[in-house]
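Working notes, beginning with the structure itself.
The values are calculated or read from the model by the stated rules, or taken from the named source; none is laboratory data. As the structure is a computational prediction, the values presented were derived from the model and not from experiment. No Cβ is skipped: glycine too gets one built from the backbone with ideal geometry, and neighbour counts run over all protein chains shown. SASA here: full protein model, heavy atoms, side chains in, ligands and nucleic acids out. Shrake-Rupley method; radii C 1.70, N 1.55, O 1.52, S 1.80 Å.
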Amino acid sequence: MKKFSIDFLHKIFLKYRGNLNQQLDIDTIYTDSREVVTNGLFVPIIGERFNGHDFLLQAVDKGAVASLWSKKEGIPADLPDDFLLFFVEDTLEGLQQLATEYRDYINPTVIGVTGSNGKTTTKELIGSSLSEFYQVTKTEGNLNNLIGLPLSILRMPVQTEVLVLEMGMSGFGEIERLSEIAKPNIAVITNIGESHIEHLGSREGIAKAKLEIVKGLSEDGVLIVDGDEPLLEVDLSQRIVTCGFNSGLDYEVKDVVQRKSETTFTINDQLFSIPLLGMHQAKNTAYALAISDLLRIDSSKMAHSLANLSLPGMRFEQIATKSGAVVVNDAYNASATSMRASIDVIKRFSESNKVLVLGDIFELGQFAESEHRKVGEVINQEIDAVFTVGQDSQYIIKALPSDFNGRAEHFDDRNKLLNEIENYMKKDTVILFKASRGMKFEQLVQQLVS
């Protein structure tokens, strides 16, 4: 699908080498020279261990018709004379500039989503529910950083009306830059947890970093926040909308009931049902409802759309096994907050036997022990067994309440853990798998259910 012309590029990047008069349209903007494309604009990124400029000829063989090019880099001798290079000081900055220009060219309503936990699910929830009413494009997977977000913008089709972008970070200044690139009309902060506390020092630091999303927010834009979080009680020139369980919020969630495959609740006294489990998903729905109101979507039609959601796997994916046990794959990622939320959901399952398989939560630094202990403290007699694997997850076991009398054991060997879990693979049992993405718990799940 045509994105823009060579002339569009030349208006942004004035210095070039090659044949500018080619009748070419750019269909794909990409950074991986191994990717096979049609009419591609290759953007060579320089990383800690690689330099994308070294792979230009490979990109040409795979379908590149033009490339951004750092002025500091030499041009390959074998490159055809008519191949177009647009010269920039820094190719990453050039990619980001191009993304902003394309965002302005298409001019969709841009929704930026950040938060310590749940931003990917919330992004998917918002994008999926709005797609019944608008041409929606959303971040693919979690392409939410300084490279991924520009690529997400540049991948949107020209007919896009609403663009939903996830914004991630590991330190100060990153959300600000992402917001400046995307220029959101609506921004959402799902919550303030503990993710990246190693780099940001405290929850107050995390809140400060997340609030950077307003730096690129339009003057008439709206910030939607977790109204239950005191750290998000701020004064801004833009309008602030609050969502949560506390009374007096703009979107007040009440009467949450979790069933086998759905959660029902009311928001401002209107009944909603979603095919997701947990109180935290009810709050995430409130964010989507607030956005739908801003976009003037009838609330009853939005309720119907929300009831028919379909989200990607590894986010509380329930797998029925031959043994009769239900395995819950929630292995996409984890923080102490999201792990506690998942445990709360498991407690509400109807199965008689409830088993937790928990792994390490990463990027906690000096807070690793205390944050893992917070998880152990919420595990009570409703849980029959707790198994942990890794390094810091042992503190979950050590923090179990003194009156917990279920089975609890920490493993260093994943195979021994799997052997133990096999004993619980039986009818009327639910088994939760939850850990940071780097623990690769999806492999454990696959071994268990295959």
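Placing R0 at 51 angstrom, the Cβ-Cβ distance between Leu79 and Ile319 gives a FRET efficiency of 0.50 after rounding to 0.05. Spin-label pair Ser261-Ser450: with each label point 7 Å from Cα along the Cα-Cβ axis, the two points sit 2.7 nm from one another. Spin-label pair Ser300-Ser402: with each label point 7 Å from Cα along the Cα-Cβ axis, the two points sit 5.7 nm from one another. Spatial offset of region 185-257 relative to region 70-112 amounts to 33 Å, using the alpha carbon center of each. What FRET efficiency, computed as 1/(1 + (r/R0)^6) with R0 = 41 Å and r the Cβ-Cβ distance, is obtained for Lys72 and Lys2, rounded to the nearest 0.05? E(calc), rounded to 0.05, equals 0.85. If only the Cβ of Lys and Arg carry +1 and only the Cβ of Asp and Glu carry -1, the dipole of the chain around its Cα centre is close to 720 debye.
Bridges between two residues of region 31-121, per DSSP, are antiparallel at a rate of about 10%. On the beta carbon distance between Arg17 and Asp104, with R0 = 25 Å, the FRET formula returns roughly 0.40. Once the 1.4 Å probe is applied to the protein heavy atoms, region 13-126 comes out at 45 Å² accessible per residue. Between Ser370 and Lys347, the contour length at 0.36 nm per residue exceeds the Cα-Cα span by 6.0 nm. Surface composition of the chain: carbon and sulfur atoms hold 44% of the protein heavy-atom accessible area at a 1.4 Å probe. In straight-distance terms, cross-link reach from Lys301 covers every one of the lysines whose alpha-carbon lies under 23 Å from its own, apart from those fewer than eight places away in the same chain; here that gives Lys123, Lys138, Lys254, Lys283. Cross-link pairs exceeding 21 Å between alpha carbons, from the set Lys119/Lys210; Lys347/Lys374; Lys210/Lys374: Lys210/Lys374. Of the listed residues Met279, Met302, Met425, the order by accessible area with a 1.4 Å probe, largest first, is Met279, Met425, Met302.
Considering only beta bridges that DSSP places wholly inside the chain, some 25 percent are antiparallel.
Under a 1.4 Å probe, what is the accessible area of region 354-450 per residue, stated in Å²? Accessible surface, normalised per residue, equals 46 Å².
Relative contact order of the chain, taken over Cα pairs closer than 8 Å and 6 or more residues apart, is 10 percent.
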